[in-house]
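A.B. asks: Pasting a structure below so you can have a look.
Nothing in this text is a laboratory measurement; each read-out follows from the coordinates by a stated rule. It should be emphasised that the depicted structure is a prediction, and the values quoted were computed from it without experimental measurement. Quick reminder, even Gly has a Cβ in these numbers, built from the backbone with ideal geometry, and neighbours come from all protein chains shown.
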DNA sequence: CCCACGTTGCGGTCGCGACCGAAGAGTCCG
DNA sequence: CGGACTCTTCGGTCGCGACCGCAACGTGGG
């Protein structure tokens, strides 16, 4: 009830305020937050998978998914008896990344793994992974830094591809065209490396190209990726990266 | 209790998840959201001002401020019997901007003002305002676009100053030096214009310079700003902006 | 065709947190 | 040194929402 600002303030402040609060409320629940972070791998999960992942009853998960879809964070698609769910778009993914980065400045001790299995999984993720639709982890950072050093990417005065960078992508067979409202290049703060890696249309194109041409492959069905021998050769040739930098 | 992911997933997933949920919970309350949006003007408010602004009791506001400070979104500073409160840093400001932008895609009809006074205030804000520590509104967009056209700023492949842009700032008497983790230039989506304006260190330097040299002045004690005749002359000379573009 | 499984809808329970008012601590001023 | 002001602390109330179990629905496989 006390939703009336007693001071005349920002116009449309009411709508923006309640919109902001409503959006934040979607992520304010631990279970929904877990859903969104899981979906940050860019793939589609079924409702049941998400329920098991978060450790809640299927009915609970279903209700949460409804709210997230309603709020525009997720999109759902029915296929047979499954309901596949994914993040709505790159903007949402980027928003959640930013929030997670802000929420986890605990970069001192990244939660020591308890088991050998967990340790090796953590290592694989730190080495290389996908972040929504682009590359992250040491792999993502290494590639981004190499592109910067080679003058393909400019990070000192912002974050943008250079003309040489545009040509590089074209030569690669993955020409970039401005599309919609998504920027060609943007920095995405890496969780494990605490430095920005390449995101945006260029990051997505590079990741897609790397997976399609076999430069890297997914490990199992996780978001972790591994560079292949061909990938090492290609990156050495195109970016001057020594093979050892990618292991 | 169901905090165990039944699927082995992201390492440190627990911590990140609860951190994300806790951070979002801070903004999930309408009153706290109103506080943060008010503080987006970049200035320090007293606890009482925020309480009146949001229409809650002082005791309620005090508790909210505690939580926001505890969560790292705000910093507080006691001065006499007042407690001045501001956003913690530019990163927090940017995060809230992004969230607000995502939360308010209602760009069809921006909440028609009810009174003449409100209409003129809304008009002034749309013409020019500060957004945390840089310029926004039509003023911010116009300047940003002019800088882009003049080759000082590159937006087609990302968002970065050019070398000419660096020189432009140096000639202005506001040389830019990379500092800490804040980027020199970054795009900040404008609420009213739906296009990015210049933020980051360069945006802050430009705004500071504009206010110090009298290119623009604040209207009353709001975040709205107005271009002065000197400002028109300077911007015409430095960016080729016709005076009519700024009214 | 029926059974198993993934998914959804419906009560019902329970705990967290947003709110206020009143009283207390600290500060500035006459 | 007392009064006006700002802010904080403390109890106590109340409503929202996260959760589960159970039952129903639909799909796909045997």
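A.B. asks: Ratio to report: Rg/Rh of chain B, with Cα atoms as the point set and Rh obtained by the Kirkwood method; give two decimals.
C.D. replies: With Rh from the inverse mean 1/r over Cα pairs, Rg/Rh is 1.01.
A.B. asks: Report, as an integer, the average count of C-beta atoms from other chains found within 10 Å of each Cβ along B:87-95.
C.D. replies: Mean partner shielding for this stretch: 2.
A.B. asks: Okay, next question. Please compute the modelled spin-label separation between residue A:15 and residue A:171, points set 7 Å along Cα→Cβ, answer in nm with one decimal.
C.D. replies: Simple spin-label model gives 4.9 nm for this pair.
A.B. asks: Would you calculate the separation in nanometres between label points at residue B:77 and residue A:209, each defined as 7 Å from the Cα along the Cα-to-beta-carbon direction?
C.D. replies: Rounded to a tenth, the inter-label distance reads 4.8 nm.
A.B. asks: By how many degrees, 0 to 90 and rounded to 10, does the Cα axis of helix B:58-70 deviate from the longest principal axis of chain B?
C.D. replies: 80
A.B. asks: In what sequence do A:115, A:192 fall when counting other Cβ within 10 Å, fewest first?
C.D. replies: Lowest to highest Cβ neighbour count: A:115, A:192.
A.B. asks: Quick check: the angle from helix A:137-149's long axis to the longest principal axis of chain A, C-alpha only, nearest 10 degrees?
C.D. replies: Approximately 60 degrees, to the nearest ten.
A.B. asks: Let me know the mean shielding of A:158-166 by other chains, meaning the per-residue number of their Cβ atoms within 10 Å of its Cβ.
C.D. replies: The shielding value for this peptide is 6.
A.B. asks: Please report the orientation-averaged projected area of region A:118-246, defined via the convex hull of its C-alpha atoms, in nm².
C.D. replies: 7.8
A.B. asks: What FRET efficiency, computed as 1/(1 + (r/R0)^6) with R0 = 35 Å and r the Cβ-Cβ distance, is obtained for residue A:52 and residue A:179, rounded to the nearest 0.05?
C.D. replies: 0.45
A.B. asks: With a bin width of 20 angstrom, please list the P(r) values of the protein assembly as shown as percents of all Cα-Cα pairs, from the 0 bin to the one holding the largest distance.
C.D. replies: 22, 54, 23, 1
A.B. asks: Set the Förster radius R0 to 35 Å, insert the Cβ-Cβ distance between residue A:149 and residue A:115 as r into 1/(1 + (r/R0)^6), and round the FRET efficiency to 0.05.
C.D. replies: According to the calculation, E is roughly 0.40.
A.B. asks: Moving on. May I ask you to order A:171-180, B:141-150 by the average number of other C-beta atoms within 10 Å around their residues, highest value first?
C.D. replies: B:141-150, A:171-180
A.B. asks: Angle between the Cα long axis of helix A:30-39 and the longest principal axis of chain A, 0 to 90 degrees, nearest 10?
C.D. replies: For helix A:30-39, the angle is close to 30 degrees.
A.B. asks: Ranking request for peptides A:210-217, B:19-26, B:121-128: highest mean number of other beta-carbon atoms within 10 Å first, then the rest in descending order.
C.D. replies: B:19-26, B:121-128, A:210-217
A.B. asks: Whole angstrom only: what separates the Cα centroid of region A:129-169 from the Cα centroid of region A:180-208?
C.D. replies: Region A:129-169 and region A:180-208 have Cα centres spaced 8 Å from each other.
A.B. asks: Ok, one more. Choose one answer from A:226, A:102, A:155: the residue with the largest mean-square fluctuation in a GNM of chain A with alpha-carbon springs under 10 Å.
C.D. replies: Result for chain A, Cα springs under 10 Å: A:102 fluctuates most.
A.B. asks: At 222 nm, what helix-only mean residue ellipticity would the protein assembly as shown give, in deg cm²/dmol to the nearest 500, using -39500 (n - 2.57) for each DSSP H run of four or more?
C.D. replies: My calculation for the protein assembly as shown gives -15000 deg cm²/dmol from helical runs alone.
A.B. asks: Oh, and also: Rounded to the nearest 0.05, what FRET efficiency is calculated for residue B:219 and residue A:63 with R0 set to 60 Å and r the Cβ-Cβ distance?
C.D. replies: 0.80
A.B. asks: Let me ask something else about it. For region B:19-92, what does the equivalent ellipsoid look like in terms of its semi-axes, each the square root of 5 times an eigenvalue of the Cα gyration tensor, given largest first in whole Å?
C.D. replies: Equivalent-ellipsoid dimensions as semi-axes: 18, 14, 11 Å.
A.B. asks: In whole percent, what relative contact order does region A:18-92 give with Cα contacts below 8 Å and a gap of six or more residues?
C.D. replies: Dividing the mean separation by the residue count of region A:18-92 yields 30 percent.
A.B. asks: What average count of beta carbons from other chains do you get within 10 Å of the Cβ of residues in A:197-206?
C.D. replies: Across the residues of A:197-206, the mean count of other-chain Cβ atoms within 10 Å is 1.
A.B. asks: Over region A:93-247, what is the relative contact order in whole percent, taking alpha-carbon pairs under 8 Å and six or more residues apart?
C.D. replies: 24
A.B. asks: Give me B:189, B:198 ranked fewest to most by other Cβ atoms within 10 Å of their Cβ, as a rough exposure proxy.
C.D. replies: B:189, B:198
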